[in-house]
Amino acid sequence: MRILSRGQFHRGSSDDRRHQGPTAITGAPLSNVGLIRAIEPPIDSHTRARRTVPLVGSTVTAGLPSPADEHLDRALDFNELLVQNPAATFAVRVAGDSMIGAGIFTDDIAIVDRSRSPVDCCIVLALVDGDFTLKRYRRRAGKIWLQAENPSYKDLQITDSVAFEVWGVVSKSIRML
């Protein structure tokens, strides 16, 4: 069993990461889990270009607020909102229904931070016996298991006979409407 510690992550080029496998993390049973391919990160690491949008300074219950200038707050930078450590962050598209209880659905984009160490109850991208999966990381009394957020799936116990590696901690998820 191998868990990457804080600060350990692949430092290959973006081209290396683009060719590491198909494009989705699945919630299906591990025998059906495919490999992933990192999609373009929300920050352009080559130019460090910052793209911002206006942030309205008041909350809204329903509907769209008036975009009048007196209601605008500072600009909202999605890089700042989504990425704490650009060098260690990547995104994956989710497939499957094992994490619906955590609000993560098929076609959502999970933002994964490789610099964060897993702690009990966080959601991780893990490599288990050669297959990638997105699950809740559980650790108690020296035992580790991965827990789906869907009662249709059983917990996956991590033992010495299981090849296990945490690739990163999911820090955000994005859903397209």
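The values are calculated or read from the model by the stated rules, or taken from the named source; none is laboratory data. Model, not experiment: these values are computed from the prediction. Every residue, glycine as well, gets a Cβ built from its backbone with ideal geometry; the counts of neighbours run over all protein chains shown.
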Open item on the list: What pairs come out if I take residues in segment 78-95 that are over 22 Å from residue 133 (Cα atoms) and pair them with residues that are among the basic types (Lys, Arg) and not in a strand (DSSP E or B) whose C-beta lies under 7 Å away, six or more apart or interchain?
Closed with: 78/51; 79/50
Open item on the list: Looking at segment 122-140, can you tell me whether even one residue there is surrounded by fewer than 21 Cβ atoms within 10 Å (Cβ to Cβ), in contact with a Lys or Arg (Cβ under 8 Å, 6 or more places away or on another chain) and over 17 Å from residue 91 (Cα atoms)?
Closed with: no
TODO: With respect to residue 97, determine if the residue is surrounded by 18 or more Cβ atoms within 10 Å (Cβ to Cβ), in a loop (DSSP other than H, G, I, E, B) and either among the basic types (Lys, Arg) or out of contact with any Lys or Arg (no Cβ under 7 Å at 6 or more places or on another chain) (or both).
DONE: yes
Task: Sole exception among (1) of a type outside the set (D, E, K, R); (2) closer than 18 Å to residue 104 by Cβ; (3) loosely packed, with under 14 Cβ neighbours inside 10 Å for residue 168, by number - done: (3)
- [ ] Kindly establish whether residue 104 is within 13 Å of the chain's Cα centre (by Cα) and in contact (Cβ under 8 Å) with a residue 60 or more places away in the chain.
- [x] yes
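Residue-wise test of (1) in contact with a helix residue (DSSP H, G or I) (Cβ under 7 Å, 6 or more places away or on another chain); (2) among the acidic types (Asp, Glu); (3) modelled with pLDDT of 95 or more.
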residue: 109; (1), (2), (3): no, no, no
residue: 145; (1), (2), (3): no, no, yes
residue: 165; (1), (2), (3): no, yes, yes
residue: 174; (1), (2), (3): no, no, no
Open item on the list: Can you confirm whether residue 119 is assigned to a loop (DSSP other than H, G, I, E, B) and aliphatic (A, V, I, L, M)?
Closed with: yes
